[in-house]
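Below you'll find the structure, written out as structure tokens, and then a few comments.
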Amino acid sequence: MLEEITKAQWTTAFINSLPDAAFAVIEPAYTKGTTQDKRARHLPHHNKSVTDPNDDSTVDLPHLRNALARANQVQPITDSITAEELRKKALAHLQAHAKRLGIGEVSEVKKEVAFKKADFHKRIVYGEVYVPNEKDTQGQWASAEEIEKMAHRFMENLRLTQIDKQHDWEPDEGVVVESFIARPGDPDFTPGAWVLATKILKEETWQAILKGEITGYSMAGVSELIPEKGGE
């Protein structure tokens, strides 16, 4: 079963303002002062008040989960440490937090969702972000109740402009204009599904949709995996 974790948005400026203790691992070139590039500090997961990197009370749980999911993908920006050693150190630090805080297995989730409806005049496309009790390619699923929570958290955090292309993390492709849970009797969508309608802003992206080069949403997020109980 999949339990969705919504993380608050930390801007680059905010991350750059965090103290060194907020990060899972820092490249030796930065600690030695041979570079001042703050990108050499990886996987922030503490709030601004942290002074001790091992202090669990200052951990931001959504960002800890996010860091755990991404730890095996981090790349050094200097030659002062190898990618293997960087990831090893990051995981050791993050997993120690997770063990003390009782966090289970965390993974990065990506899910392809085909468009089911479009308003060509308004440049709006509709798709089911998540359908209840439908297993994805990783064998994970979410109940209708959990999906409703995902949809509500999405709106609570006002993540309406977080639409990128091909996971390039540049949210400038479109804006969410509708978000709803499909009701029984809906002629277009599965009952209980979370549906997003996105207005496409970029001409290049809209043309790719018209040509069939882009055919749906690709959902990216972070989840905590919870084992299924026997008989469920």
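Could you list, in sequence order, the residues of region 45-71 that are within 15 Å of the chain's Cα centre (by Cα) and closer than 11 Å to Leu94 by Cβ? Answer for region 45-71, where residues must be within 15 Å of the chain's Cα centre (by Cα) and closer than 11 Å to Leu94 by Cβ: His45, His63, Leu64, Arg65, Asn66, Ala67, Leu68, Ala69, Arg70, Ala71.
Sub-6 Å Cβ pairs linking a first residue in region 119-130 that is under 25 Å from Pro191 (Cβ atoms) to a second residue that is small (Gly, Ala, Ser) and assigned to a strand (DSSP E or B), at least 6 apart or interchain, are Ile124/Ala197; Val125/Ala118; Tyr126/Ala197; Gly127/Gly216, ordered by first then second residue. Among the residues of region 65-120, write down those that are modelled with pLDDT under 85 and basic (Lys, Arg). Those that are modelled with pLDDT under 85 and basic (Lys, Arg): Arg65, Arg70, Lys110, Lys111. Screening region 162-232 for strands (runs of 3 or more DSSP E) wholly inside it with 1 or more residues that are farther than 22 Å from Thr12 by Cβ, in the same structural domain as Glu145 (by the TED database) and at pLDDT 90 or above returns the ranges 174-181, 194-200. It is to be established whether one or more residues within region 7-14 are hydroxyl-bearing (Ser, Thr, Tyr), over 30 Å from Ser143 (Cα atoms) and at pLDDT below 95. Yes, there is a match, as at least one residue in region 7-14 is hydroxyl-bearing (Ser, Thr, Tyr), over 30 Å from Ser143 (Cα atoms) and at pLDDT below 95.
Candidates are the residues of region 150-161 that are surrounded by 13 or more Cβ atoms within 10 Å (Cβ to Cβ) and out of contact with any strand residue (DSSP E or B) (no Cβ under 7 Å at 6 or more places or on another chain); the one that is modelled with the highest pLDDT is His152.
The values are calculated or read from the model by the stated rules, or taken from the named source; none is laboratory data. If you're wondering where the values come from, they're calculated on a predicted model, not measured in any experiment. Cβ sites come from the backbone with ideal geometry, for glycine too, and all protein chains shown count toward neighbours.
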